[in-house]
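A.B. asks: Here it is, the structure in full.
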Amino acid sequence: MVSKEISEINGLPPVYFPNEINIASELFTPVAAASHSFECLSGYFSSKVFAELAEPLSILFNDPDAKGRFLISPNLDDSDKTALYEAYKSENSMFRYLFDTNCITPDSLATSTLDVIKYLISTKRLDIKIVLMKKGMMHAKIWIFNTTFGKVAIHGSSNATSSGLMRNFEQLVLSRSWESKHSKDIVDAFKARFDSFWLGERDDSYSFSLNDKTVLDIFSSTDTPMNSDNHSELLEKLKSHMENQKSIQKLETPTWLDYKNGDYAHQGAAIQLWLTNKKGTLEIATGGGKTLTSLVCASIALREANSAILVIAVPSKPLIKQWGLDVTNFGINPIDTEGVSSKDIRKILKGIFRRQKYIPGHNVVIMTHDALKNPDIISVFGKYSGKLMLIGDEAHNLGAGSFVNNPPTCFQYRLALSATPQRQYDDVGTEKLFDFFGEVIFRFSLKEAIGKCLVPFDYYVHKVYLTSEEQDDWNELTDKINTLLWNQDDSETKKQIDLLRIRRKAIAEGAKNKISSFKNLLADKKTQNYSLAFCSSKGPTQLDDVNTVLRDLNYSYHQVTSEETKNKKLMKSLVDSYSSGNIDILTSKKVLDEGFNIPPIKLAYFLASSAVHRTWVQRLGRVLRQSKNTGKVYAVIHDFVVLPTEVNTSTKTLIKNELERMQWFTEHSRNGIEQRGSIPVINEYLDILENL
C-alpha cells in the first residue's frame, strides 16, 4: 500500500493550471490519500475552498487522527481589517469578516461548508488562525501536506478560494521534499514561514486564533447537529454541491483575454475600480474595448452567484447581434430580443425565472434602450430573486427623461459605458444618469487610445461655400431665432428655437457644394477600397447625391441605412463583401455612428459634420479601429467644411462651429502641424472671426 501511494505521488507532474483540469482529483486527492495532516498558508481565503476540495478533504479526514491547520488572511479592506482586529481584542465575534453571511441559506453551498467546518472544529481536527499584516497583506498561497514519506508542498498563484483553485488561469507547483535537496529547501522554507506565523513570532504581522464568540457563531450558523455519524453525509453533501457548481453555466472570462497587460492594460484598471462598488460609469474611447471590459466586470461580479441575469441595453437593434457575438466568448449563449415584442420579452424572462429555480446558472439578455424603458418589462425584473446586473451601452442615450425619471432600481449591479457620457446641453440629464449608474470612475481618452488600441490618422479639410439660396435661408432662420431669444425661458418658445436651429444646422450639413467637391476628390483618386462616406440624416438628398456620384465614377458602393440593418443576412453579406474588398465605399447616415464594428475602414469622407462633440468621437472611432487582416496602420479623414458667401454676424455661429471641429480633429491627427493639412484653413477661419 505504501509503495503504491508513494508511487502515485512520485508520478504526479510538477506544474498544474487549475482552469484546465480538475485540480481536486488530479492533484489534491492523490496527495491527501497519502497524508495524515496539512497546513495551509493563504491570502484571499474563502470558506468555499472546503467545498472545492471536498473529495481530498474527505479522504484526509477519514483518518480519525488526521488534522489540518489554516493560516488565513481574509480579503478585506483596511477599515474591515481594523474592525476585525478590534473585534478580536475586545473578544467580540469575528464571524462576519470570515464568512459571507448573505449566502447562509438552507441547502446552500455556504451552509454545507460551514457544517463541515463546525464538525472539524468540534472534533479538534481543524484549527484556524488569522493573519493581519501591519503593512501590506499576506499573499502567500502554500499547502503543506505531511505524508508518511515526508512533506509535500503545493504552491503557486492560486488563492485558497473557489475561483483561485478552479476557474482562474493560475499555476500551481508540486514540490516533494525527498525529491532533491533543492525541493527539500523549498518545502522547509515554506514550513518555517508557516510556523513563524502560527506561533506569532513575526514583527510584521498579528496572528490570532478564533475567539470563543467567533466559534460560537460558527456553531450557531446552521441547525445541523454535529456528531460522528453524519460526517460522511456532510462530505457527500459537499461533493454533491461541488459537482453542481461545476455543471452550472456561468459567465467565464476567456483565457485568451489579457486585460491587465500591454496596450489594453487600461481595461484591468477600469475593471478593478468598478468592482470596488459594482457601480459606475466607464468613459472609454471607441475601440478601447468597452464591451470586453464590461463583460469581464460581469463575470467577476457574478462569479459567486449561482443564479444571475445580466441585462445588456443597447441603443439600436443591430447592436444586439454584435454584443451577442462577444457574450458567447464568455461561455453563455445570450437571449437575442431583436424583433421580439415586449409581451414576448416578459414571457422569456418569466421562463428564465422558472428554469433557474431548478437549474441554477447565468443568463444574458440583450435588449434595446426602448425595451429597458418599458415599465411592463421592468416590473418583471422586480420579481427576480437572484442577482441582477445592467450594462448600459452608449449610456448617454439613457439620460433622457423617459429613463432617468423612473430608472429600474431592481438592478443591484450597474455599469454604464460611453466614450462621451456627458450629455451636451443637458446637465440635468447627465446628473440623473450618474445618480443611477454612478459617476465616471475611469477615463481612457481618444488621445490615449490612438497609437495603442486605435490607428493614427491624417486629417484633410476641403472648403465649400454656401450657395446664395442657402445663405439667404441661413440669414432668414437666424433672424427668426434672434427674435425669439428674448423669451427663451418659455418652454414653447424654446421648442421653436430648437426646431429653427435644427433647420439651420441642416443647411450646413447638406450644403450642395459638398457634392461637387466630393466628386472632384474621388475623380483624382481611383483606389478607394475600405472607404466610408458619412452623410446628413436631415433629409435624403445628400445620401442620394453621393450615391449618384459614386455610380457615375464607376465605384462599387452600397448604402447602409436603417432599411439595410433590418435585414440581418443582407448586413452580413455587405460587411463580408466590404471586408474582402468587393465593395469600395459604404455610404451611411447616422446608423453607423454608434457601436458598429467594421475594422477595415481606413478612409472616411465627412460630408455631414455636426457641432456635437459626441458625433465627432463616435465617427472617428468607426474609422480608427485596428484591422490586422487588411494590414491597416493608419487612416485618412476628409472633412468638408463650410464658409458663408457673405460673412456677417449672422454667420458667426457657422464659422465658429466649423472651426471648433477642425481644431479638435487637428489636435488628434498625426499631420496637424503640416502645412498641407488643416492649419492654413484653420488660420483663415480664425482671421474671419477676429474681423467680425
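The values are calculated or read from the model by the stated rules, or taken from the named source; none is laboratory data. All of these numbers come straight from a predicted model, not from anything done at the bench. Every residue, glycine among them, receives a Cβ derived from its backbone with ideal geometry; neighbour counts consider all protein chains shown. Protein only, heavy atoms only, side chains kept; ligands, DNA and RNA dropped before computing areas. Shrake-Rupley method; radii C 1.70, N 1.55, O 1.52, S 1.80 Å.
A.B. asks: Give the residue from 315, 305, 341 lying farthest towards the positive end of the charge dipole for the range 277-353; charges sit on Cβ (+1 for Lys and Arg, -1 for Asp and Glu) and the dipole is referred to the Cα centre.
C.D. replies: Of the listed residues, the answer is 341.
A.B. asks: Sorting 639, 127 by accessible area (1.4 Å probe), largest first, what list results?
C.D. replies: Of 639, 127, the descending order of accessible area is 127, 639.
A.B. asks: Right, something else. Suppose all protein chains stay in the model; what accessible area per residue would a 1.4 Å probe give for the chain, in Å²?
C.D. replies: 45 Å²
A.B. asks: What is the dipole size for the chain, taken about its Cα centre, with +1 at each Lys and Arg Cβ and -1 at each Asp and Glu Cβ, in debye to the nearest 20?
C.D. replies: 940 debye
A.B. asks: Using only Cα atoms, find the angle between the long axis of helix 468-484 and the longest principal axis of the chain, and express it within 0 to 90 degrees, rounded to the nearest 10.
C.D. replies: 70 degrees
A.B. asks: Let me ask something additional. Can you tally the net charge around residue 667? Count Lys and Arg as +1, Asp and Glu as -1, for every other residue whose Cβ sits under 14 Å from the Cβ of residue 667.
C.D. replies: -2
A.B. asks: For the range 461-512 and the range 641-692, compute the distance between their C-alpha centroids and round to whole Å.
C.D. replies: Using only Cα atoms to place each centre, the spacing works out to 19 Å.
A.B. asks: Can you check what the net charge comes to around residue 347, using other residues whose Cβ is under 14 Å from the Cβ of residue 347 (Lys, Arg +1; Asp, Glu -1)?
C.D. replies: Residues close to residue 347 contribute a combined charge of +4.
A.B. asks: Report the antiparallel proportion of the DSSP beta bridges in the chain as a percent, rounded to a multiple of 5.
C.D. replies: If we restrict to bridges inside the chain, about 30 percent are antiparallel.
A.B. asks: Along the charge dipole of the chain, which of 486, 685, 144 sits closest to the positive end, that is, farthest toward it, with unit charges on the beta carbon of Lys, Arg, Asp and Glu (+1, +1, -1, -1)?
C.D. replies: 144
A.B. asks: Return the label of the correct value of P(r) over Cα pairs in 20 Å bins from 0, in percent, as calculated from the structure shown, out of (1) 15, 39, 27, 15, 3, 0; (2) 16, 39, 31, 13, 2, 0; (3) 16, 48, 31, 4, 0.
C.D. replies: (1)
A.B. asks: Another question about this same structure. Using a 1.4 Å probe on the protein heavy atoms, what percent of the accessible area of the chain belongs to carbon and sulfur?
C.D. replies: 49 percent
A.B. asks: Something else now. Please sort 390-399, 252-261, 457-466, 287-296 by packing, taking for each peptide the average over its residues of neighbouring beta carbons within 10 angstrom, highest first.
C.D. replies: Ranked from most to least packed, the peptides come out as 390-399, 287-296, 457-466, 252-261.
A.B. asks: Normalised by the residues of the range 549-669, what does the relative contact order come to in percent, with Cα pairs under 8 Å and at least six apart?
C.D. replies: Reported relative contact order: 20 percent.
A.B. asks: Relative to the first principal axis of the alpha-carbon coordinates of the chain, what is the inclination of helix 541-552, with its axis defined by its Cα atoms, in degrees from 0 to 90 and to the nearest 10?
C.D. replies: 80 degrees
A.B. asks: Quick one: compute the contact order of the chain, relative version, from alpha carbon pairs under 8 angstrom and 6+ residues apart, as a percent.
C.D. replies: Relative CO of the chain lands at 11 percent.
A.B. asks: Further question on the same structure: Charges on Cβ only, +1 for Lys and Arg, -1 for Asp and Glu, centred on the Cα centroid of the chain; of 436, 465, 371, which one is farthest towards the dipole's positive end?
C.D. replies: Ranked along the dipole, the leading option is 371.
A.B. asks: Based on DSSP, what percent of beta bridges with both residues in the range 541-692 are antiparallel, to the nearest 5?
C.D. replies: Bridges in the range 541-692 are about 10 percent antiparallel.
A.B. asks: So, by mean Cβ neighbours within 10 angstrom, what's the order for 645-658, 597-610, 22-35 with the highest one leading?
C.D. replies: Descending packing order for the listed peptides: 597-610, 22-35, 645-658.
A.B. asks: Just need the relative contact order of the range 370-520 here, percent rounded to a whole number, with Cα pairs under 8 Å and 6+ apart.
C.D. replies: 17 percent
A.B. asks: Another question about this same structure. Measure nothing but the geometry: give the 0 to 90° angle between the long axis through the Cα atoms of 652-668 and the longest principal axis through the Cα atoms of the chain, rounded to 10°.
C.D. replies: Around 40 degrees separate the two axes.
A.B. asks: Let me ask you something else. Within the set of other residues whose C-beta is less than 13 Å from the C-beta of residue 382, count the net charge using Lys and Arg as +1 and Asp and Glu as -1.
C.D. replies: +2
A.B. asks: In square angstrom, rounded to the nearest 10, how much accessible surface does residue 365 have for a 1.4 Å probe?
C.D. replies: 0 Å²
A.B. asks: Distance check, please: which entries in 317/589; 350/373; 141/191; 141/250 exceed 21 angstrom between their Cα atoms?
C.D. replies: With Cα atoms farther than 21 Å apart: 141/250.
A.B. asks: If you don't mind, another one. What 222 nm value per residue comes from the helices of the chain, counting each DSSP H run with n ≥ 4 as -39,500 (n - 2.57) and dividing by all residues, nearest 500 deg cm²/dmol?
C.D. replies: Value at 222 nm, helices only, nearest 500: -13000 deg cm²/dmol.
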